[in-house]
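J.: There's a structure below that I have some questions on.
The values are calculated or read from the model by the stated rules, or taken from the named source; none is laboratory data. Quick caveat, the model's predicted, so the values are computed rather than measured. Glycine also receives a Cβ, built like all others from the backbone with ideal geometry; neighbour counts cover every protein chain displayed. Quick note on the areas: whole protein, heavy atoms, side chains included, nothing else; ligands and nucleic acids left out. Shrake-Rupley method; radii C 1.70, N 1.55, O 1.52, S 1.80 Å.
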Amino acid sequence: MTQVLPVILCGGSGTRLWPLSTPNKPKQFLGLLSSETMLSATARRFESSLGSTRFSKPAVIGSVRHESLIRQSLPTARLVLEPFGRNSAPAVAAACLVAGEGAQLVLILPADHDIRDTRAFHAAIDAAIPAAQSGALVTFGISPTHPATGYGYINLGPGDVVHEVRRFVEKPDAETARGYLAEGNYVWNAGIFLFRADYMIKALEQHAPAILPAVRAAFPAKPGQVVQLDSDAFATAPDISIDHAVLEHADNIRVVPVDMGWSDVGGYRALFDQLAPEPSGNVAVGPVHIRESSGIYARSEGPALAVSGVSDLTIVATPDTVLILPMGDETSVKAMGELVQRRRDLMTVSRESQLRAHSWLQSAFRTWSNVSWDHARGGFVEQLNPDGSPDFAALRRTRVQARQIFSFSRALSLGLVEPKAARTLIHDGLAYLNAHARHPEGGFVHRLTPDGQAEDSCRDLYDHAFVILAASEAYKVLGQPGYLDLAWEALAFINRQLRAAEGMGWHEAYPISLPRRSNPHMHLLEALLNLHAATGDANALSSADEIVNLFESRFFLTDVDVLGEAFDTGLYPVQRHSEMHFEPGHHYEWASLLALYDRLRHRDTLSWRRRLIRKADLVGCHPQSGLAMNEVRADGMALNMRHRVWHQLERLRAVILHTEVSFPGAPDQILAAIFKYYLDGMPEGTWRDEVDTSGQPTRQEIPASILYHFITAFEMLIEPGLPGSFKTAPTTQGQVPATA
């Protein structure tokens, strides 16, 4: 009995099923037709043979950022994880390498299609095997049921069960599609292929010779159960479909037409057609009540939906989005999804506030590009004098060096800073850290003299979190692999020297010191999320999960709704819960980071986030000015009634991400207060760091560390492509030296 290796391509984005399907959780990981995910249903089709063919355990090729979702559906599957999408031709090449490049028969199929008649599918595979074994590349064509314009077509040539292919046809217009159906010798291209691995390799070498070497180079020397492709090598693979790369050019293509109840579930109309008892019926999923209506697909994953007196509508509610549009309007679904996902955080902010924030950030980076760097001795200055001139004499913290690198990297990606100047500062900043901030025994020192000598050799968790954040952000925007070396080194050091007991986070610093604090863990969470965004590293996400678990189990004191700041060696609070000191800005900052974490990990921390914000709003803001105070106690006693600007910036970010816990117009009002108390009347692009209860400044120096808070808060207000934005692209500027 012939054996076939199914290889499931799991990289689809499902944009026409937004908001159910999102980039972080596309449709193949959803239970759209049943409680079973589409990926799981695809794999289950091969658990037993319904014909003469046996099937090996399926392999899956998907995105590294979806690894956990793949494992939820198929815990034991062999995985090939792509750092980014490169279309189906490189994925097919990877499938050949997984199969061993020999005579193994490989079946390529998408993870997000529905097949009702599995027996017919297996019969078609049986019919295709002799042709595939003799060297043909066999595709499967779906007998068309209507003149679809969303599918490619295959023109059948001579043949009985297995046909030659005359040509592949791109998605036709409606009139052409009707002609194909009338002609009778066209089938839909299902994107399912059967071939011998060695014959597909020959075809790739002949018709698309650049693909296979790039994919081979991306494979590890000794592939295991999980293969994570190297990003630099994989980036050299052409971004092209297998149809365009091989199938449209090869002369040994065959097609097996099959009627197997197939649907690509490509949109809400297809989903409705699969589920509706009849065309005039309705589909209700979740807490939905429909009356006196027809042709309705209504699904809710949260709020109750009541639908009455309408027809031919798609109505979808997720916990944070509602979509309503005419049934079958797939183009609008995709367009609206792209718009809302890009502008979600701007939808409650006035255009005036957006432009004001954008203009100020541009002026800030124009100023700091000129004054932040010490050209005589190297390094970023710690602060500016009250007149806006650099203070070259102040000691320099490693975390501030890293924050400046991050800030210029993020500003460069947003088009807020002149690219050449930013690239120079980013590169020089990383080189300075590499040359001056290293500790001879590993890790990075805490503080430097203006001459670049170690003034405090303590190796601090907070500092290392910002080194990881800075290096990963620089890599994201400039694409230089050497930039990541500092991130990996910092992460390796804290895991080696600062790791506490299993599941108990990281120590404060080396040498080990007390108290242990939640705040460095928060910034490590931020850094790990950014490192994963830059590299797709799964271990970074696992460590991020651990920090969120610590937040839920240790850091957040549920009886008083307060984020504990200081803990003993076992992570027990050093103060009574009711007397716990906390900083409102940290409440807002944790809420924002948890929101970003949820979007990536599909974890539900919303109730925690709301409690963080409400507690800070209730007892952490001054009753007259509304400004967040520096420090309060869990029982509401104000401990430090002054107001640093970073608390206000973190409140702004949290409110934008959580409009449901604030009043209408809150982001605009908070931004106006930031300008009034901290920015108006200051030298261009600078700020007041702190004001007292009457709004008067309490500190004259301008700390460089706050630029990081401005960019992370104000970027929430910026829509890409605003007038005056710079354009940037990855550079080939030199690498950071490997050693000091």
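J.: Go through 486-494, 394-402, 317-325, 547-555 and give me the packing order, highest mean Cβ count within 10 Å leading.
T.: Most protected by this proxy first, the peptides run 394-402, 486-494, 547-555, 317-325.
J.: What is the percent carbon and sulfur in the accessible area of the chain, measuring with a 1.4 Å probe over the protein chains and ignoring ligands?
T.: Here it works out to 49 percent.
J.: Ranked highest first by the average count of other Cβ atoms within 10 Å around their residues, in what order do 501-507, 244-250 fall?
T.: 244-250, 501-507
J.: In the structure displayed, which of Lys25/Lys57; Lys171/Lys476; Lys27/Lys615; Lys420/Lys476; Lys25/Lys476; Lys171/Lys334 lie more than 26 Å apart, Cα to Cα?
T.: Flagged as over cut-off: Lys171/Lys476; Lys27/Lys615.
J.: About the Cα centre of the chain, how large is the charge dipole given +1 on each Lys and Arg Cβ and -1 on each Asp and Glu Cβ? Please answer in debye to the nearest 20.
T.: Working: 67 positive and 81 negative charges, 72 e Å.
With only Lys, Arg, Asp and Glu charged at Cβ, the dipole is about 340 debye.
J.: Something else now. Kindly express, to the nearest 10 degrees and within the range 0 to 90, the angle between helix 118-133's C-alpha long axis and the longest C-alpha principal axis of the chain.
T.: 80
J.: Decide, for the range 112-158, between rounded, prolate and oblate: order the square roots of the alpha carbon gyration tensor eigenvalues as a ≥ b ≥ c, take rounded if a/c falls under 1.5, and otherwise choose prolate if a/b is larger than b/c, else oblate. Provide the component values of the computation, followed by the final result.
T.: Working: a/c = 2.33, a/b = 1.34, b/c = 1.73.
Oblate shape, in that a/c is at least 1.5 and b/c is the bigger or equal ratio.
J.: Return the distance in nm (one decimal) between the two label points of a simple spin-label model at Ser52 and Met504, each offset 7 Å from Cα along Cα→Cβ.
T.: According to this spin-label approximation, the distance is 6.4 nm.
J.: Which residues' amide hydrogens lie under 5 Å from the amide hydrogen of Met327, considering only partners 5 or more residues apart or on another chain, with H built in the peptide plane?
T.: Amide H to amide H, under 5 Å and 5 or more residues apart or across chains, Met327 pairs with Leu313, Thr314.
J.: What shape does the range 418-551 have by the C-alpha gyration tensor, where a ≥ b ≥ c are the square roots of the eigenvalues, rounded means a/c under 1.5, and otherwise prolate means a/b greater than b/c and oblate the rest?
T.: oblate
J.: Kirkwood Rh, the range 519-674, all Cα pairs: how many Å?
T.: 15.9
J.: Per residue, how large is the accessible surface of the chain? Use a 1.4 angstrom probe and give square angstrom. Write down the numbers at each step before the final one.
T.: Details: 28740 Å² over 740 residues.
It amounts to 39 Å² per residue over the chain.
J.: A follow-up question, please. For the chain, which semi-axes, largest first and in whole Å, follow from the square roots of 5 times the eigenvalues of its Cα gyration tensor?
T.: 51, 31, 24
J.: Normalising by the residue count of the chain, find the relative contact order in percent from Cα pairs under 8 Å and 6+ residues apart. Numbers along the way, then the final one.
T.: Numbers: 1485 pairs, mean separation 79.8, N = 740.
This gives 11 percent for the chain.
J.: Still on this structure: Per residue, how big is the convex hull of the range 340-389 when only Cα atoms are used? Give it in Å³.
T.: Taking the convex hull of the Cα positions in the range 340-389, it is 124 Å³ per residue.
J.: Kindly provide the chymotrypsin sites (Phe, Trp or Tyr not before Pro) of the range 1-104 that DSSP labels as loop, not H, G, I, E or B, and whose Cβ sees at most 14 other Cβ atoms within 10 Å.
T.: Within the range 1-104, the qualifying chymotrypsin sites (Phe, Trp or Tyr not before Pro) (loop, at most 14 other Cβ atoms within 10 Å) are Phe84.
J.: Looking at the square roots a ≥ b ≥ c of the eigenvalues of the Cα gyration tensor of the range 1-95, which shape do they give, rounded for a/c under 1.5, prolate if a/b is larger than b/c, or oblate?
T.: oblate
J.: If R₀ is 30 angstrom, what is the calculated FRET efficiency for the pair Ala435 and Asn539, using the beta carbon separation as r and rounding to 0.05? Please report the intermediate quantities before stating the final value.
T.: Details: r = 28 Å, r/R0 = 0.93.
Computed FRET efficiency for Ala435 and Asn539 comes out at 0.60.
J.: Full-extension gain between Ala276 and Asp387, please, as 0.36 nm times their residue separation minus the C-alpha to C-alpha distance.
T.: 33.0 nm
J.: Show Asp387, Asp198, Asp173 ordered by accessible area, largest first, where the area counts protein heavy atoms only and the probe is 1.4 Å.
T.: The ordering from most to least exposed comes out as Asp387, Asp173, Asp198.
J.: In whole angstrom, how far apart do the alpha carbon centroids of the range 304-360 and the range 675-719 sit?
T.: The two parts, judged by their Cα centres, are 33 Å apart.
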